[in-house]
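Here's the structure, in structure tokens; my notes come after.
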Amino acid sequence: DKCSLSIFFFQLERTFIAIKPDGVQRGLISEIMSRFERKGFKLVAIKITVPSKDFAQKHYHDLKTRAFFDVLCDVFSSGPVIAMVWEGEGVIKYGRKLIGATDPQKSEPGTIRGDLAVVVGRNIIHGSDGPETAKDEINLWFKPEELVNYSSNAEKWLYGVN
Ligand code: IDP
Ligand code: MG
């Protein structure tokens, strides 16, 4: 019937995005989320949680040899984080564009860090840097059943599929 025909098939690329404790404390949750939402990306998982330091070290394990690793993990576990998974075509790479450069001083105006942050140690948001890290980070932060599969009404207008 007509209902079962209205199932759309998309490249279900997903990325892990976190609003860090400094972004939460500064009241930037909805500001940051709206940039992903208005772009056309789809929220498929979200939670608010205070990561333990041990969990922060797992999340940032790639950086464990860096001098700033300990401070980074302290800041990251210092308060609530908004952990999210966003879905859409090209969301991993384009999510990084929305976020801007690691150092807010080098982030372009119009990006999240360019518009809303000043120093690298308080750059308010995390985003996966590639397909492998996206998969690993989503698995670290969420159980499979916490990821919600649904089609949004906007998809046919975003992607032009009908
Ligand atoms: P990214 O968040 O843009 O992916 P990464 O190189 O993965 O950047 O570093 C993770 C986080 O570590 C950064 O977002 C930033 O908060 C922090 N960081 C990176 N480089 C420095 C530094 O040179 N000094 C202090 N903190 C840093
Ligand atoms: Mg990174």
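Nothing in this text is a laboratory measurement; each read-out follows from the coordinates by a stated rule. As the structure is a prediction and not an experimental result, all values here were calculated from the model. Don't worry about glycine lacking a Cβ; one is built from the backbone with ideal geometry, like all the others, and counts go over all protein chains shown.
Summarising the label geometry, the points placed 7 Å from Cα in the beta-carbon direction at ILE48 and GLU155 lie 2.9 nm from one another.
Descending by average beta-carbon neighbour count within 10 Å, the peptides 150-158, 23-31, 75-83 line up as 75-83, 23-31, 150-158, the highest first. The alpha-carbon positions of region 93-162 define a convex hull whose volume is 136 Å³ per residue.
Amide H contacts of VAL50 (H built 1.01 Å from N, in plane; Pro and chain starts excluded): VAL81 sit under 5 Å, all sequence-distant by 5 or more or on other chains. If R0 is 22 Å, the Cβ-Cβ spacing of ARG26 and VAL120 corresponds to a FRET efficiency of close to 0.90. With 10 Å bins beginning at zero, the pair-distance distribution over Cα atoms of region 55-100 amounts to 23, 37, 37, 4 %. Magnitude of the charge dipole for the chain, about its Cα centre and with charges confined to Cβ atoms of Lys, Arg (+1) and Asp, Glu (-1), is about 220 debye. Please compare each pair in LYS64/LYS143; LYS97/LYS156; LYS39/LYS156; LYS47/LYS143; LYS39/LYS93; LYS53/LYS135 to a cut-off of 19 Å on the Cα-Cα distance and tell me which ones are over it. Beyond 19 Å between Cα atoms: LYS64/LYS143; LYS97/LYS156; LYS53/LYS135. Averaging over all projection directions, the Cα-based convex hull of region 1-129 occupies 8.8 nm² in the image plane. The HN-Hα couplings worked out from phi for region 124-133 by the Karplus form 6.51 cos²θ - 1.76 cosθ + 1.60 (θ = phi - 60°) are 6, 8, 10, x, 4, 9, x, x, 5, 5 Hz, whole numbers, x standing for Gly and Pro.
If the label point is 7 Å along Cα→Cβ of ASP74, which residues in region 124-142 have backbone nitrogen under 20 Å from it? Hits in region 124-142 for ASP74 at 20 Å: 124-125. What the phi angles of region 61-73 give under the Karplus curve with 6.51, -1.76 and 1.60, with θ = phi - 60°, is a coupling list of 3, 4, 9, 5, 8, 7, 4, 8, 4, 5, 5, 4, 5 Hz, glycine and proline written as x.
Averaging the Cα positions of each part gives two centres, and for region 72-127 and region 14-37 these lie 8 Å apart. In this simple spin-label approximation, ASP103 and THR65 carry label points 7 Å from Cα along the Cα→Cβ vector, and these lie 2.1 nm apart.
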